[in-house]
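The structure under discussion appears below in the form of structure tokens.
Each reported figure results from applying straightforward, stated rules to the coordinates on display, with no laboratory input. On a predicted model such as this, the values are computed, not experimentally measured, just so you know. Here the Cβ is made from the backbone with ideal geometry for all residues, glycine too, and neighbour counts use every protein chain on show.
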Amino acid sequence: MFYEPRNQDHGLPKNPFNSLVIPRPVGWISSVDRDGVFNLAPYSFFNAVCYRPPTVMFSAGASSADDRFKDTSRNVETTGEFVCNLATWELKEQMNLSSATLPPKTDEIALAGLTPIGATLVKAPRIAEAPVQLECKYLKTVLIPGWDNGDEYKVIFGEVIGIHIDDAIITETGLIDVAKMMPIGRLGYNDYARVDASSTFTMERPK
Ligand SMILES: Cc1cc2nc3c(=O)[nH]c(=O)nc-3n(C[C@H](O)[C@H](O)[C@H](O)COP(=O)(O)O)c2cc1C
């Protein structure tokens with residue numbers, strides 16, 4: 001089949017695009033607003049985009065509830081900081097809970113029963129339960145215009161200025177033990193993948 005997304009004529013019960021660029025890592029972004037209220041939400045339009053300096057991005061849409069941008073993007077643009085926590089198999093339920101559409105002054109960290117702990121270089125909290133936390137400094141926003149008025153995305157870039165790794169997920173030879181960490185990836189719809197020992201393989205790159 002072939003379809004042009006702008007015509008929305010794929011003829012399928014659900015938009016297939018969400019399930020075509022997969023698996024997507026889940027950036028679980030914690031931030032704080034001007035008044036010190038914590039915020040946490042998952043973003044799967046998320047990725048690392050370069051090594052030096054290590055840089056990540058996530059893309060926040062206008063909220064369908066009242067056509068405003070999401071709390072995370074507002075907090076990051078206001079305070080200039082955020083933390084990206086790794087979403088894992090063990091934390092999947094809490095991750096899902098933190099995606100609920102809630103009023104701005106709701107602390108999703110408390111709502112999900114998670115533990116906020118201080119970061120080293122930024123004011124945004126870290127999630128103690130997450131085995132990896134990236135402390136980020138806001139770099140810039142790229143606005144992606146939508147097809148309709150008010151339907152737009154803010155792609156937010158941040159430089160990773162501090163990295164916390166749980167020693168328990170570092171192997172004896174000093175590598176990250178991905179199978180132990182068990183990150184989850186988004187497959188579109190409400191589906192996810194788990195990375196574990198049975199789902200990884202190694203390949204040498206050609207010379
Ligand atoms: C796994 C997962 C991934 C998500 N990815 C995104 C995303 O990339 N962009 C987005 O705008 N919303 C995404 N959402 C929805 C947001 O998490 C949700 O709208 C949340 O309430 C936003 O919270 P905030 O307003 O506190 O930032 C995702 C939800 C889930 C469960």
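A few points about this structure:
- Residue, farthest from the chain's Cα centre (by Cα), within segment 28-75, restricted to residues that are within 8 Å of the ligand (Cβ to nearest atom) and within 14 Å of Gly185 (Cβ to Cβ): Phe45
- Among all positions in segment 150-160, there is at least one residue which is in a strand (DSSP E or B) and either small (Gly, Ala, Ser) or exposed (fewer than 15 other Cβ atoms within 10 Å of the Cβ) (or both).
- Annotation: of all residues in segment 1-27 being in contact (Cβ under 8 Å) with a residue 40 or more places away in the chain and assigned to a loop (DSSP other than H, G, I, E, B), the one that is nearest to the chain's Cα centre (by Cα) is Val26.
- Test: residue in segment 88-100 that is crowded, with 18+ Cβ neighbours inside 10 Å, in contact with a Phe, Trp or Tyr (Cβ under 9 Å, 6 or more places away or on another chain), within 24 Å of Tyr192 (Cβ to Cβ) and β-branched (Val, Ile, Thr): no
- Residue list for segment 14-53, restricted to those being of a type in the set (Ser, Thr, Tyr) and farther than 30 Å from Phe2 by Cα: Ser30, Ser31, Tyr51
- Taking first residues from segment 100-119 that are closer than 15 Å to Lys70 by Cβ and partners that are surrounded by fewer than 12 Cβ atoms within 10 Å (Cβ to Cβ), the Cβ contacts under 6 Å between residues at least 6 apart in sequence or on separate chains come to Thr101/Ala65.
- The set of residues from segment 178-207 being in contact with a strand residue (DSSP E or B) (Cβ under 7 Å, 6 or more places away or on another chain) and not in a strand (DSSP E or B) comprises Met181, Met182, Leu187, Val195.
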